[in-house]
1. Output the residues belonging to segment 160-185 that are without any contact (Cβ under 8 Å) to a residue 12 or more places away in the chain and not aromatic (Phe, Trp, Tyr).
2. Test residue 145 against the stated conditions and say whether it is at pLDDT 95 or above and either of a type in the set (S, T, N, Q) or surrounded by fewer than 20 Cβ atoms within 10 Å (Cβ to Cβ) (or both).
3. Can you tell me which condition residue 64 does not meet? The list is (1) more than 23 Å from residue 164 (Cβ to Cβ); (2) buried (at least 17 other Cβ atoms within 10 Å of the Cβ); (3) out of contact with any helix residue (DSSP H, G or I) (no Cβ under 7 Å at 6 or more places or on another chain); (4) not hydrophobic (A, V, I, L, M, F, W, C), and all the others hold.
4. Going through segment 106-142 one residue at a time, which ones are farther than 18 Å from residue 44 by Cβ, buried (at least 19 other Cβ atoms within 10 Å of the Cβ) and of a type in the set (S, T, N, Q)?
5. Among 85, 90, which is closer than 20 Å to residue 45 by Cβ, modelled with pLDDT of 95 or more and either touching a helix residue (DSSP H, G or I) at 6+ places or on another chain (Cβ under 6 Å) or buried (at least 17 other Cβ atoms within 10 Å of the Cβ) (or both)?
6. State yes or no: is residue 36 under 13 Å from residue 172 (Cα atoms), of a type in the set (S, T, N, Q) and at pLDDT 95 or above?
7. Which condition does residue 41 not pass, out of (1) within 16 Å of residue 196 (Cβ to Cβ); (2) at pLDDT 95 or above; (3) part of a loop (DSSP other than H, G, I, E, B); (4) not aromatic (Phe, Trp, Tyr), if it passes all the others?
8. Among (1) touching a helix residue (DSSP H, G or I) at 6+ places or on another chain (Cβ under 8 Å); (2) free of Cβ contacts under 8 Å to residues at least 60 places away in the same chain, where does residue 98 come up short?
Amino acid sequence: MCPSESVDRRVWLLAGLASLGGLGACEPAAQTSFASVDLTGAAYGRDFNLPDVDGRRRSLADFRGRVVVVFFGFTQCPDVCPTTLGELALIKQELGADGARVVPVFITVDPERDTPELLRAYMANFGADGVALRGSLEETRAVAKEFRVLFNKVPAKTGEGYTMDHTAASFVFDPQGRLRLYARYGLGPQALLGDVRTLLRGA
């Protein structure tokens, strides 16, 4: 083999290796896997604007830089609501110092009975930094529609009064204020903890 042929072959070999490297660089990054339903890019659940227990209107912009977990419920809920809020409290505890970067936001679907005082006392059972929001019935319906959440007043089976049927799931926003996850009731705190950690890492 003459020197010129050897050089030519080396040039073609290097060019081929470079093209393979270029193809590798163009491969899409591995998609992040979540235990919750991935809602990245969803065109709903974009924001809320409701008063908190002190009358201050709150929106996602107030919590920028933190993971926000939004849940619709009511204080007289016998199981789903306290279980969900209790699991969020456990998740914050498990995260240690990073727990301060997670904010549970509880939106009441029963503003008729859930007064600011009652909501304040209720949320205190699940940690000091959870936020309860209470709008008018019209405002609550509008926000629920934005999140595709259903709720309905149901007469009590015995005696007077009523209870509330409502969507039992949490909506999880990343620190940039983008809706990312739909966590169904019953997912479990360990699974949601993993998802929250992933979002805190910037996924």
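The values are calculated or read from the model by the stated rules, or taken from the named source; none is laboratory data. In this text, all values refer to a predicted model and were calculated from it rather than measured experimentally. Quick reminder, even Gly has a Cβ in these numbers, built from the backbone with ideal geometry, and neighbours come from all protein chains shown.
1. If the condition is that a residue be without any contact (Cβ under 8 Å) to a residue 12 or more places away in the chain and not aromatic (Phe, Trp, Tyr), then 160, 161 are the ones that fit.
2. Yes: the conditions hold for residue 145.
3. Among (1) more than 23 Å from residue 164 (Cβ to Cβ); (2) buried (at least 17 other Cβ atoms within 10 Å of the Cβ); (3) out of contact with any helix residue (DSSP H, G or I) (no Cβ under 7 Å at 6 or more places or on another chain); (4) not hydrophobic (A, V, I, L, M, F, W, C), the lone unmet condition for residue 64 is (2).
4. Matches in segment 106-142: 108 only.
5. None of the other options fit; the residue is 85.
6. In short, yes.
7. (1)
8. (2)
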